[in-house]
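Engineer: If you scroll down you'll find the structure; I have some questions about it.
The values are calculated or read from the model by the stated rules, or taken from the named source; none is laboratory data. In this text the structure is predicted, and so the values were computed from the model without any measurement. Every residue, glycine as well, gets a Cβ built from its backbone with ideal geometry; the counts of neighbours run over all protein chains shown. In case anyone asks, the SASA skips ligands and DNA or RNA and just uses the protein heavy atoms, side chains included. Shrake-Rupley method; radii C 1.70, N 1.55, O 1.52, S 1.80 Å.
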Amino acid sequence: MAPEGSRGRFITLEGGEGAGKTTLSRALSARLAEEGVPVLRTREPGGAPGAEAVRGLILGQGPWDPVAEAMLHFAARREHVARTIAPALEAGIWVVCDRFADSTLAYQGAGQGLSREVWERLCDLALGSLRPDLTLVLDLPPERGMGRALQRGDANRYELQDADFHARVRAAFLAIAAAEPDRCAVLDASRPPLEVLDAALDLALAA
Ligand code: Z5A
């Protein structure tokens with residue numbers, strides 16, 4: 001458990017569709033709470049009233065120009081950070097967030113052609129110095145993740161992209177993790193949910 005009065009830890013979950021981020025964020029938050037850690041579970045795009053409204057624009061409309069789409073994600077993210085994430089961390093609450101800025105680099109960058117330079121400028125503008133303490137990348141072959149996600153029968157426009165798009169997104173997440181081993185850990189998301197959770201909990205408590 002974090003010492004009283006200290007800043008909360010910021011943990012992000014990343015990966016392709018159907019990799020199990022939502023499942024893990026629920027279970028990990030519950031297990032952290034059982035360990036006595038004050039924890040807030042949130043998601044992107046969304047996590048604050050204005051950001052949820054932008055989520056409706058992003059998922060409900062489009063296609064967007066890639067830079068415009070990235071700016072929408074970062075506008076939502078800025079609201080999310082300002083209204084939800086930063087106040088929680090400052091209050092000593094840990095934040096478990098389903099997707100964050102790495103998703104923009106993977107989807108709008110590798111997927112849609114946004115340059116890394118523009119992504120970095122948007123990070124600086126929207127996030128200041130805030131970066132996750134720990135990022136868990138749930139890695140799964142896209143066809144397996146898509147199979148899981150499509151079973152729900154409510155595919156969004158990202159899920160409807162072709163196999164090459166999803167392969168680029170997966171490779172981008174693995175490249176992010178390889179480039180920042182101090183922040184990121186890759187979890188094999190083909191393992192049963194409880195095994196994924198145990199590995200995530202160990203990493204979270206050590207973060
Ligand atoms: N997006 C973007 O382009 N740029 C950005 O900056 C951001 C996002 C932040 C948001 O969609 C979309 O926005 C997203 C990227 C884009 N693209 N898509 N799609 P979303 O929030 O609606 O969905 P998502 O983030 O992709 O998550 P998801 O599809 O809901 O999947 P998930 O959360 O990773 O999986 P899950 O719901 O936990 O699990 C899916 C099913 O698999 C479910 O039936 C589970 O019971 C099952 N499951 C989970 N784990 C396991 C294991 N370990 N074994 C077997 N079965 C499992």
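Engineer: Which condition number does residue 30 fail, the rest of (1) within 13 Å of the ligand (Cβ to nearest atom); (2) closer than 24 Å to residue 186 by Cβ; (3) surrounded by fewer than 19 Cβ atoms within 10 Å (Cβ to Cβ) being met?
Structural biologist: Failed condition: (1).
Engineer: Restricting to the stretch 169-182, what's the tally of residues that are away from the ligand (no atom under 12 Å from the Cβ) and surrounded by 17 or more Cβ atoms within 10 Å (Cβ to Cβ)?
Structural biologist: Let us first name the residues in the stretch 169-182 that are away from the ligand (no atom under 12 Å from the Cβ), namely 170-171, 174-182.
Next, only the ones that are surrounded by 17 or more Cβ atoms within 10 Å (Cβ to Cβ) stay: 170, 176-177.
Result for the stretch 169-182: 3.
Engineer: Something else now. Could you list, in sequence order, all residues of the stretch 183-202 that are assigned to a helix (DSSP H, G or I) and open to solvent by less than 60 Å² (accessible area, probe 1.4 Å)?
Structural biologist: Within the stretch 183-202, the first condition is being assigned to a helix (DSSP H, G or I), and the residues that meet it are 193-202.
If the condition is that a residue be assigned to a helix (DSSP H, G or I) and open to solvent by less than 60 Å² (accessible area, probe 1.4 Å), then 196, 197, 199, 200, 201 are the ones that fit.
Engineer: Still on this structure, please answer the following. I'd like the full set of residues that are of a type outside the set (Gly, Ala, Ser) and either more than 14 Å from the ligand (Cβ to nearest atom) or over 16 Å from the mean Cα position of the chain (by Cα) (or both), limited to the stretch 85-116. Let's see the steps before the verdict.
Structural biologist: So in the stretch 85-116, the residues of a type outside the set (Gly, Ala, Ser) come out as 85, 87, 89-90, 93-100, 102, 104-105, 107-108, 112, 114, 116.
87, 89, 90, 93, 94, 95, 112, 114, 116, listed by residue number.
Engineer: Filter the stretch 33-84 down to the residues that are within 11 Å of the ligand (Cβ to nearest atom) and not hydrophobic (A, V, I, L, M, F, W, C) and list them by number.
Structural biologist: Scanning the stretch 33-84 gives 43, 44, 45, 46, 47, 55, 62, 66, 69, 73, 77, 80.
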